[in-house]
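The values are calculated or read from the model by the stated rules, or taken from the named source; none is laboratory data. It should be emphasised that the depicted structure is a prediction, and the values quoted were computed from it without experimental measurement. Cβ coordinates were reconstructed from backbone atoms using ideal geometry, including for glycine residues, and neighbour counts include every protein chain displayed. Keep in mind that these areas ignore ligands, DNA and RNA; they rest on the heavy atoms of the full protein, side chains included. Shrake-Rupley method; radii C 1.70, N 1.55, O 1.52, S 1.80 Å.
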Amino acid sequence: MKNDPLILKKRGEDGNRIISVRIKETTLNELDRLAGETNYSRNELINLILAHGLENIEIQ
């Protein structure tokens, strides 16, 4: 029986970074409401919304 190695990556090596942001309480409440309705985590929703915004932003 071969023992496969347990491979651990250093934290942060997955391309994600932890940041801190200030957000209005009403926005946070809306994110939590959406998270509850969709079964996405707050973090997943924030990443989806940011990605969509970055792909669709127009600067004039």
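Here are some notes:
- Carbon-plus-sulfur accessible fraction, the chain (probe radius 1.4 Å, protein heavy atoms only): 53%.
- Looking at the chain, the accessible area is 108 square angstrom per residue; that uses a 1.4 Å probe and ignores ligands, DNA and RNA.
- Loop sites in the chain: trypsin sites (Lys or Arg not before Pro), DSSP, at most 13 other Cβ within 10 Å: Lys2, Lys9, Lys10, Arg11, Arg17, Arg22, Lys24
- Theoretical gain in end-to-end length, Ala35 to Val21 [0.36 nm per residue, Cα-Cα removed]: 3.2 nm
- Tilt relative to the chain, helix 42-56 - C-alpha long axis, 0 to 90 degrees, to 10: 70
- Applying the criteria of a DSSP loop state and at most 10 other Cβ atoms within 10 Å to the GluC sites (Glu not before Pro) of the chain yields Glu13, Glu58.
- Integer Hz, Karplus 6.51/-1.76/1.60 couplings in order for region 22-39, x for Gly and Pro: 9, 9, 5, 4, 5, 5, 4, 4, 5, 4, 5, 5, 4, 4, x, 6, 10, 6
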